[in-house]
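Beneath this line is the structure, given in C-alpha cells, with notes to follow.
Any read-out appearing in this document is the output of simple, stated calculations on the displayed coordinates, not a laboratory observation. All of these numbers come straight from a predicted model, not from anything done at the bench. Quick reminder, even Gly has a Cβ in these numbers, built from the backbone with ideal geometry, and neighbours come from all protein chains shown.
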Amino acid sequence: MSHEKPSKNEDEYFARRDAELLRQQRDAAKQAAADSERKSHHMKCPKCGYDLITGEWDGIQIDQCTHCHGIWFDAGEAETLIKKSAAPNALGRIFRAVVKGVSRE
Ligand SMILES: [Zn+2]
C-alpha cells in the first residue's frame, strides 16, 4: 500500500473532525467549571455567602442564612405558604416562628 498524500477532502475532514473534538472538549470543560461553580454555591446565602440551614415551620421548609438571616423559599414551599396564609394570621404566625428560630441562639 503506497503512502499517498491525503487528498484535500481528507484534510478538510480531519480539520473539521479536530475542530469538532476541540469544541467538545471546550464545552465539557466549560460545563465542568459551571457545575463546580454551582456546587460551590449550594446551600450558601446569595447575599453574604454564609451557610443556609433548612428549618421547618408549620410543615413548610424554609432555608435561612445563618449569618444575615435572609429567608429563602423553594417554589413549592412558597406556594404552600400562600395556600396556608388563607387561614387567618397564618403568614404572620409563620414569620414570627421563623424570626424566633433565628434569634434562638
Ligand atoms: Zn446571608
Exercise. Tally Lys and Arg at +1 and Asp and Glu at -1 over the other residues with C-beta under 14 Å from the C-beta of residue 24: what net charge comes out?
Worked result: +2
Exercise. In sequence order, what are the phi-derived ³J(HN,Hα) couplings for the stretch 15-22 according to the Karplus relation 6.51 cos²θ - 1.76 cosθ + 1.60 with θ = phi - 60°, rounded to whole Hz, with x for glycine and proline?
Worked result: 5, 5, 5, 4, 5, 5, 4, 5
